[in-house]
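Input: a single structure, listed below in structure tokens.
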Amino acid sequence: MLRRFTMVLREIWIASGNPEGIYRPDLHYMRGPGPKWHAKYGHLYPKSQTAPALAKLRDIAEHHA
């Protein structure tokens, strides 16, 4: 009986025009670790050096131009 009930519910859901289901990844999107994670594990990962490296590349490119 439960299986038939769930099948009927599924058919109603599909007929309603939303066949992809209830899960919407855009509502569960995480942008990255939060402050609690950084407080616990942040010391394990060194700070990024991308800004100084990019500045150095720009200087090199300007001297060769």
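Structure notes:
- Accessible area per residue was computed with a 1.4 Å probe on protein heavy atoms; His64 scores about 150 Å².
- Vicinal HN-Hα couplings computed from phi for region 4-12 (Karplus, 6.51 cos²θ - 1.76 cosθ + 1.60; Hz; Gly/Pro x): 5, 4, 5, 5, 5, 4, 5, 4, 5
- Inter-label distance for Met7 and Ile60, nm, one decimal - labels placed 7 Å from Cα along Cα-to-Cβ: 6.6 nm
The values are calculated or read from the model by the stated rules, or taken from the named source; none is laboratory data. Given the structure is predicted, the values throughout are model-derived calculations rather than measurements. Virtual Cβ from ideal backbone geometry, glycine too; neighbours counted across all protein chains shown. What goes into the accessible areas is simple: the full protein's heavy atoms, side chains included, and nothing from ligands, DNA or RNA. Shrake-Rupley method; radii C 1.70, N 1.55, O 1.52, S 1.80 Å.
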